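The structure under discussion appears below in the form of structure tokens.
The values are calculated or read from the model by the stated rules, or taken from the named source; none is laboratory data. If you're wondering where the values come from, they're calculated on a predicted model, not measured in any experiment. Virtual Cβ from ideal backbone geometry, glycine too; neighbours counted across all protein chains shown.
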Amino acid sequence: RAKADGRGTYRFFETGMDARAQARRVLERDLRLALQRDEFEVYYQPIRDLEDDRIVAFEALARWNHSLRGLIAPNNFIPVAEETGLIVPLGEIVLRKACADAAGWPDDVAVAVNLSPVQFKNPNLVTSVKAALQASALSSDRLELEITESVLLQNSEATLAVLHELRGFGVRISLDDFGTGYSSLSYLRSFPFDKIKIDRSFVTDLATRDESMAIVRAVTGLGKSLGIVTTAEGVETDAQFDLLRQEGCTQAQGYLFSPPRPAADVAKMLRPAPERSVA
Ligand code: C2E
Ligand code: MG
Ligand code: MG
Ligand code: MG
């Protein structure tokens with residue numbers, strides 16, 4: 001009886017695994033086709049300087065314009081792209097499009113591109129970054145590469161060498177989603193990051209939880225002492241914005257200013273907003 005139950009459970013489990021593996025295979029096949037058909041687009045979200053209220057950069061965020069399913073957000077395809085290695089060609093497409101688009105923006109506006117840990121296992125990463133800069137004629141100091149703490153968890157000697165090489169020719173390196181990893185602080189000692197991006201989870205309840213406020217205050221203070229720019233992610237309310245400015249956070253990004261938008265909307269986002277009438 002117990003045995004029968006066990007078998008039944010196992011079989012059910014096995015079927016579930018099959019269904020998941022099957023869905024993953026379909027997604028992998030669709031991703032390959034999408035790469036061939038050039039179905040990936042890059043959306044851009046503005047990053048504002050909190051002192052002079054100017055847009056200083058846009059973050060490039062991948063979108064899959066699926067022929068049947070419409071626009072698909074990265075959380076639905078980046079994990080499988082990473083498992084299958086397809087993030088390497090996909091990441092290269094995003095990098096090339098982002099550099100090409102940014103080359104048409106004003107000189108004082110940078111572009112930030114996310115890099116997956118899997119891209120750091122590819123020996124051609126540095127070459128492909130250089131090639132993207134060359135092809136677009138974008139000055140290297142206008143390219144920021146965002147990495148998460150997980151990049152430094154794997155083969156960190158080799159990874160650090162790559163980061164130093166990238167920084168050596170003028171590219172800036174940002175530490176993304178700061179505070180969500182296991183040993184965030186130790187990474188600040190291992191590499192001279194140009195920017196810390198404070199994870200959205202600390203910004204969300206900034207105005208309502210003392211702990212989040214204390215953490216944001218500590219990170220902006222740390223940034224100031226180390227001479228590192230701090231960018232708050234996921235700013236949605238005026239209250240969060242005011243607190244961040246008060247704490248001396250350098251930059252902010254979030255729906256309060258704009259969601260990510262297609263490349264064609266960048267010029268519109270750069271135009272100064274009409275003066276708000278004072279009551
Ligand atoms: P991320 O790099 O931390 O990017 C910020 C994410 O927060 C974006 O989600 C953005 O749309 C979202 N966001 C911005 N402001 C707000 C806000 O005020 N409220 C809320 N709720 N969300 C906000 P998105 O575009 O869905 O991207 C999710 C993640 O996928 C990114 O997180 C990044 O880790 C990854 N990703 C996106 N594009 C690429 C890419 O080209 N390559 C790689 N390797 N990863 C990418
Ligand atoms: Mg990012
Ligand atoms: Mg982030
Ligand atoms: Mg994130």
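Considering (1) outside any strand (DSSP E or B); (2) surrounded by fewer than 23 Cβ atoms within 10 Å (Cβ to Cβ); (3) modelled with pLDDT of 95 or more, the lone condition that E51 does not fulfil carries the number (3). Among the conditions (1) in contact with an Asp or Glu (Cβ under 9 Å, 6 or more places away or on another chain); (2) closer than 29 Å to Q240 by Cβ, the only one that V80 does not satisfy is (2). Candidates L163, L143, L115: the one that is surrounded by 21 or more Cβ atoms within 10 Å (Cβ to Cβ), in contact with a Gly (Cβ under 7 Å, 6 or more places away or on another chain) and either at pLDDT below 95 or not basic (K, R) (or both) is L115. Among residues of the range 167-191 that are more than 14 Å from ligand 2 (Cβ to nearest atom), those with a Cβ under 8 angstrom from a residue that is in a loop (DSSP other than H, G, I, E, B) and among the hydrophobic types (A, V, I, L, M, F, W, C), sequence gap 6+ or separate chain, pair up as Y187/F193; L188/I228. As an exercise: evaluate E146 against (1) in contact with a Lys or Arg (Cβ under 8 Å, 6 or more places away or on another chain); (2) more than 10 Å from ligand 1 (Cβ to nearest atom) and give the number of the one condition it does not meet. So E146 meets the others, but not (2). Of G227, G254, all but one fail to be out of contact with any Asp or Glu (no Cβ under 7 Å at 6 or more places or on another chain), closer than 21 Å to A110 by Cα and not aliphatic (A, V, I, L, M); the exception is G227.
Once the range 170-184 is narrowed to residues that are part of a strand (DSSP E or B) and farther than 16 Å from S212 by Cα, the residue that is farthest from the chain's Cα centre (by Cα) is R172.
Being part of a helix (DSSP H, G or I), at pLDDT 95 or above and more than 16 Å from ligand 4 (Cβ to nearest atom) is a description that applies to G221.
Can you find even one residue in the range 225-242 that is over 23 Å from the mean Cα position of the chain (by Cα) and of a type outside the set (D, E, K, R)? Yes, the conditions are met somewhere in the range 225-242. Residue count for the range 101-132, restricted to those that are part of a helix (DSSP H, G or I) and either of a type in the set (V, I, T) or within 19 Å of the chain's Cα centre (by Cα) (or both): 13.
Filtering the range 22-50 to residues that are touching a Gly at 6+ places or on another chain (Cβ under 9 Å) and away from ligand 2 (no atom under 16 Å from the Cβ) leaves only L50.
The set of residues in the range 64-86 being away from ligand 2 (no atom under 14 Å from the Cβ) and surrounded by 19 or more Cβ atoms within 10 Å (Cβ to Cβ) consists of W64, F77, A81, L86. Looking only at residues of the range 149-163 that are more than 16 Å from ligand 1 (Cβ to nearest atom) and not small (G, A, S), we find that the one that is nearest to the chain's Cα centre (by Cα) is L160.
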